[in-house]
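In what follows, a structure is listed as C-alpha cells, so that the remarks can point back to it.
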Amino acid sequence: MDAVRVFLGFGSNIGDGIEHIQTAARELKNRTGCAVRLSGFWRSKARYYVDQPDFINAVGELRCLLGAAELLDLCNAIEAAMGRDRSRVAEKGPRIIDIDILLYGKEIIATERLIVPHPGIRERKFVLFPLLELDSGLRDPVTDELFQDILARLPRQGIYPILSGRYDAPYPA
C-alpha cells in the first residue's frame, strides 16, 4: 500500500490548546512513524454548543500507510489517552482534544463510523483557513471545487490567527 496524503483537523478548548494539539501530533508520529506538518493555530468561537470556551484549532498533514478506519481508531485512541471521554461530555461540548479526518487522499468515504471529506469541512472557516495554509490548491474530492472558492463564500465566523511568537531575533529596541 502506498502512503496516502491525509489532512487531520485538531481542536481543543480545555487547558493549553496549543500544547494539546502539538502533543497529539507528536503522538501520531510516535505511533505511525509519519511526521505531522501542522498549520498555524487559530482561535475560534464555539459553534453548535456555544456555552463553552473558545477553541484553538489547527490542521495537520501527513503521509499515512494506515487505512482510513485504522487511522480513525488511532485518532480516537490518542484522544482517549489524552483524557477525552466522549461518554462524559455533551456532543460538540468542551474537549481536551478532538482529531478529525478531514481528507484521506482524494477518497470519498461514507460508512456508519466515518465520512470523508469531513461533513463540516465546507462550512467551517476554522478548518478551511489552516487547511489552505498547508495547501492553497486543495480541491473538494466530491465537487472538485477549490476549497479557496468555498471559503470565499462563507460568512464571517470570528476566526483569528494566533501568532506563534517564534522569531529569529528579538525586535530591536
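Rule-based calculations on the coordinates, nothing more; no lab input. All values reported here derive from a predicted model rather than from experimental measurement. Counting neighbours? That spans all protein chains shown, and the Cβs are built from the backbone with ideal geometry, glycine included.
A few remarks follow.
- If the condition is being under 19 Å from Lys45 (Cβ atoms), over 17 Å from the mean Cα position of the chain (by Cα) and part of a helix (DSSP H, G or I), then region 126-155 contributes no residue at all.
- Among the residues listed as Gly120, Gly83, the single one being more than 13 Å from the chain's Cα centre (by Cα) and surrounded by fewer than 17 Cβ atoms within 10 Å (Cβ to Cβ): Gly83
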